[in-house]
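The values are calculated or read from the model by the stated rules, or taken from the named source; none is laboratory data. In this text the structure is predicted, and so the values were computed from the model without any measurement. Positions of Cβ are generated from backbone atoms using ideal geometry, with glycine treated the same way; all protein chains shown enter the neighbour counts. Surface areas here come from the heavy atoms of the whole protein model, side chains and all, with no ligands, DNA or RNA. Shrake-Rupley method; radii C 1.70, N 1.55, O 1.52, S 1.80 Å.
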Amino acid sequence: MKLTRTKAFKTFADPAWYDNPINMQMLGICSALAVTVQLKTAFVMTLAMTFVVSMSGLIISLMRRIIPGNIRIIVELAVIASLVILADEFLKAYFYDISKLLSVFVGLIITNCIILGRAEGFALSNPPHLALIDGLGNGVGYGSVLLSVAFIRELFGSGSIFGFSVIPESAYAAGYEDMGIMMLAPAAFIIIGLMAWVQKYLANSRKS
Amino acid sequence: MVELVSIFLNSVFAGNILLAYFLGMCSFVAVSKNIDTAIGLGFAVVFVLTVTTPVNWLIFHGLLAPGALAWAGLPEVDLSFLKLIVFISVIAAMVQAIEMIIDRFSAALYAGLGIFLPLIAVNCAILGGSLFMVEREMSFIESVVYGFGSGVGWLLAITAMAAARIKLRYADLPSGLEGFGITMIVTGLMAMAFMLFSGITM
């Protein structure tokens, strides 16, 4: 059996590319955009988000037979909120500067629709190992969009990648200027809109 | 007084919680298809933000902030790491309580807002309002004004978006741009317009 045919691979690849959580499901864009001014913050945000979505999937899937149906949302929120607190405290302890830049947006992972959506839609009805892989796939899909937006914004907004300048001094001397709009909120909306357009166009042309 | 007016104006325009901080996007994209539901949800957000932000202020400064438990003989206890889980529970409980109160006292208002209230418990704008209130170290009265102003800003943004999407129905868009793509681009243009207000100082 080829690797790409296994159930585990499909569980990973579907959310990471085919049903990418940002473009296709339109979920979880809330906290995604505010941290995309720099690649560094976007990368840390991706790690935090992947940790929370995969661990919450694993824990909720382990408990799926003992969670009573009518209070399941509260149980899920409690699991997710505890994991977010863990991630937030970890960042404050070891990466204080970055946690200052991320400000409230790590906390807002709690209300990210992807996580509750995966807990409800996948972890409650699937075994733990698949729920963990599904969470990782969603984290990677989320991260790929986040990092591409951050790449465009940092490259054109401040002429650097991960904080290293890549635009040569001679270009600035010749009159090149960084685009101030890339640092502001509207650019993120427009970039995400254009990316959704490309992805949907490709999906449409594959169908026909 | 002037500071309060400037907090209000900033939270409605230049620091709009949706257009400058990206909070509440999920319901913004999903609900702005229809103008009546958009306005209904907008008012529900104004209402819930105005109530939950001050309530969370009281809880944070009365129980969770460093040194807040001095009255109980525990001056060095710092429970502020619990704020995330406490705030989300307070919001869920407040939404539930507001829903019951409205149901009891005003059938007309319940018919208008009732269906939107459960949606709001997981709207990031509500939790974001409370977290920004803590981060910016506001006083109680400032938190009331900030909560109300953020709600009004969100209401303005979603109403404008719903109105723009009515016009977009008749637009001939290239394949793939319809729906989510064009919504985001229009939001970006709207965010640019709202940014112009940042030059105004009191």
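Counting Lys and Arg as +1 and Asp and Glu as -1 over every other residue whose Cβ lies under 13 Å from the Cβ of B:Ala111, the net charge comes to -3.
Note on chain B: percent of Cα-Cα distances in each 10 Å bin, starting at 0 and stopping at the bin with the largest distance, equals 9, 32, 32, 20, 6, 1, 0. Projected onto their three principal axes, the Cα atoms of the range A:21-202 cover extents of 67, 43, 24 Å, largest first. Roughly how tilted is helix B:83-105, in degrees to the nearest 10 and between 0 and 90, from the longest Cα axis of chain B? Taking the Cα atoms of chain B, the angle to B:83-105 is about 70 degrees. A Förster radius of 22 Å, combined with the Cβ-Cβ distance separating A:Glu89 from B:Glu76, puts the computed FRET efficiency at roughly 0.75. Sorting the segments A:133-144, B:169-180 by their residues' average number of neighbouring beta-carbon atoms within 10 angstrom, most packed first, yields A:133-144, B:169-180. Comparing B:Ser80, B:Ser106, B:Ser150 in a Gaussian network model of chain B, where Cα atoms under 10 Å apart are tied by springs, the biggest mean-square fluctuation is seen for B:Ser106. Mean per-residue shielding of peptide B:14-22 is 4, counting Cβ atoms of other chains within 10 Å of each Cβ. Hull volume per residue, based on the alpha-carbon atoms of the range A:108-208 and their convex hull, is 159 Å³. Measure off 7 Å from each Cα along the Cα-to-Cβ vector at A:Ser170 and B:Ile35, then give the distance between these two points in nanometres to one decimal. Between A:Ser170 and B:Ile35, the simple spin-label model gives 5.7 nm.
Run the dipole for chain B about the Cα centre, Lys and Arg Cβ at +1, Asp and Glu Cβ at -1, nothing else charged, and hand back the magnitude in debye, nearest 20. Let's see the in-between values first.
Working: 7 positive and 11 negative charges, 98 e Å.
Around 460 debye, computed over chain B.
Per the Debye formula with a single identical scatterer at each Cα and no solvent contribution, what log10 I(q)/I(0) holds for the protein assembly as shown at q = 0.12 Å⁻¹? Reported log10 I(q)/I(0), two decimals: -1.04. Pairing chain A with chain B buries about 3300 Å² of accessible area. This figure sums both sides and uses a 1.4 Å probe. Principal-axis analysis of the Cα atoms of chain B puts helix B:2-12 at an angle of about 50° to the longest axis. Label zone (B:Ser139, point 7 Å along Cα-to-C-beta; backbone nitrogen cut-off 19 Å) within the range B:11-53: B:11, B:53. Shielding by partners for peptide B:188-196, expressed as the average number of C-beta atoms from other protein chains within 10 Å of each residue's C-beta, is 4.
Put simply, the amide H of A:Ile161, placed in the peptide plane, has neighbours under 5 Å in A:Val166, leaving out anything fewer than 5 places away on its chain. Between B:Ala193 and A:Ile66, the modelled label-to-label distance comes to 5.5 nm, taking each label 7 Å out from Cα in the direction of the beta carbon.
Remark: chain A carries 47 Å² of accessible area per residue (probe radius 1.4 Å; ligands, DNA and RNA excluded).
Each of A:Leu147, A:Gly135, A:Phe95 was scored by the projection of its Cα onto the charge dipole of the range A:21-202, and the greatest displacement toward the positive side belongs to A:Gly135; charges sit on the C-beta of Lys, Arg, Asp and Glu.
Each other residue within a Cβ distance under 13 Å of A:Phe105 adds +1 if Lys or Arg and -1 if Asp or Glu, for a net charge of -1.
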